[in-house]
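Reading through the structure tokens given below for one structure.
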Amino acid sequence: MHDTRAAVTVMKHEPPPEAQEPIPTPQEAVAVLDVIEGEVIVIDQPEETTDHAPLKQRPYWLLIPLTIVLCLVVGAASFLFPLLMPTATITMLPVARTITLTTAIRVHARQISPLTLMQSTDVPATSIQHQAARRARGSITWYNGQFHRLTIPAGTIVPGTNGVRVITDQAATIPPGNPPIYGHVTVPAHAIVPGTTGNIQAFAINRACCLPSVFAKNTQAFTGGTDARDIAVVTRTDIASAVSIVQTTLNRSLQAALQAQLNPGEALVPPQCTVTASSNHQAGDAALQVHVTVAITCTSIAYIDADATTNATQALTSQARHMLGSDYALLGTIHITIVHATTIDHQGSVTLVVQLTGTWVYQLSPGIRQRLISRIAGKTQQQARALVLSQPGIAGVQINVSGGNRTLPQDKGSIHLVIVYRSAAV
């Protein structure tokens, strides 16, 4: 019986003796013969790879300056393009009307407790007057030692012991004497020379004079003699100025004190005040200064501010709509001036007589603006001005076209409208 198994022969490839194989590297594979059922599989040794020279690096860094240059070019273009394209600015002034109305409104209110403040001040006298010398005045008592009545005429001069001479102002009729009692009578007299020298003491005159058994005496001193001088004199203006200064200060203090009594949301009716003033000198008095005292008593009413604003706005808006129509709208807020306030009624309300003032301006709707732009596009400035002023409610217009052009752009987007509002009287 024949052995049918195939003979497996392992063959090794050896290099010829004259050719020496290089020592294999760890990366090189060794040829291995796998024996599978009589087949011989030869695994070839992989080819050796050779290192290639590195590729040349591309200049990516150039992208940075190129990007910057591109941005600058785009920015310059976006800036210069509008400058090169003509634009027009139309500044319009709509018609404005100021409406004034005096009316009465009712609001909730309460009474503020009365307040009284007092203050004094001193102010200098401002008038300077020249005062001439004044004569001293007094009296002379005549004594009659005779048994019959005597008369001393007015204007009789009586000298004093100090050289001062006085003169009588009226005739003296002296009753007769009855020894040891002398008849006597007293008449007014004055110093002949003006000035303080005439202010003689009592009995500076004590002597026989003029007739036998007649004596003259000044039983009281002569007074009132003054030398010539310039003096400060109080005037009405001085007193009025002092009152005004004090009153201004008190008014500020009173206003603050009344405001301090208000609750949140309340406003103050202008207070009703009484002023009293007094001074220690009257106009014409000689004094260096005048002391003035002022007292002010005020009472007021606190009302709900929101009620007044609402009622006032409704009243004035109704008046404006009646006068101007619906094409006007209020500009800003309404100014309210309280003219008079009645007393608070049993319902806690007060009637305020107020003067209301507000400004209404003509309204240019977006539709009107677009139609106006369409009408003036491509027109000359003169034509555009006439077209704008023909629009109802426009009081004035100013047109500015870039580049000095006399014609407005055809492009509607290059035409810009600017509306300026301002107040004006009716």
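Worth a mention:
- Placing a label point 7 Å from the Cα of Thr274 along the Cα-to-Cβ line, no residue of region 94-122 has its backbone N under 11 Å from it.
- Alpha-carbon centroid distance for the pair region 297-344 / region 144-160, whole angstrom: 88 Å
- Amide H contacts of Leu417 (H built 1.01 Å from N, under 5 Å, at least 5 apart or other chain): Ile90
- Contour excess over end-to-end distance, with Cα ends at Gln119 and Phe147 and 0.36 nm allotted per residue: 3.2 nm
- Sorted ascending by nearby beta carbons within 10 Å, beginning with the fewest, Leu364, Leu62, Leu330, Leu288 become Leu62, Leu288, Leu330, Leu364.
- Dipole of region 318-426 [Lys/Arg +1, Asp/Glu -1 at C-beta], most positive-end residue of Ser374, Val353, Tyr421: Ser374
- Linear extension gain, Ala329 paired with Ser244, 0.36 nm per residue minus alpha-carbon span: 26.2 nm
- Remark: region 92-102, residue by residue, has Karplus-estimated 3J(HN,Hα) of 10, 10, x, 5, 10, 10, 9, 9, 10, 9, 9 Hz, where x stands for each Gly or Pro and the curve is 6.51 cos²θ - 1.76 cosθ + 1.60 at θ = phi - 60°.
- Take the Cα of Ala154, step 7 Å toward its Cβ, do the same at Ala228, and the gap between the two points is 2.8 nm.
- Residue order, fewest to most beta carbons within 10 Å, for Val234, Val187, Val420, Val164: Val420, Val187, Val164, Val234
- Near the amide H of Leu331, within less than 5 Å, lie the amide hydrogens of Thr359, Trp360, Val361, all on another chain or at least 5 residues away, with H placed in the peptide plane.
- For Gln220 and Gln255, the difference between the fully extended length at 0.36 nm per residue and the C-alpha to C-alpha distance is 6.7 nm.
- FRET efficiency for Cys71 and His416, using Cβ-Cβ distance with R0 set to 30 Å, rounded to 0.05: 0.60
Only the coordinates and a few stated rules stand behind these numbers; no lab work does. These numbers come from a predicted model, not from an experiment. Don't worry about glycine lacking a Cβ; one is built from the backbone with ideal geometry, like all the others, and counts go over all protein chains shown.
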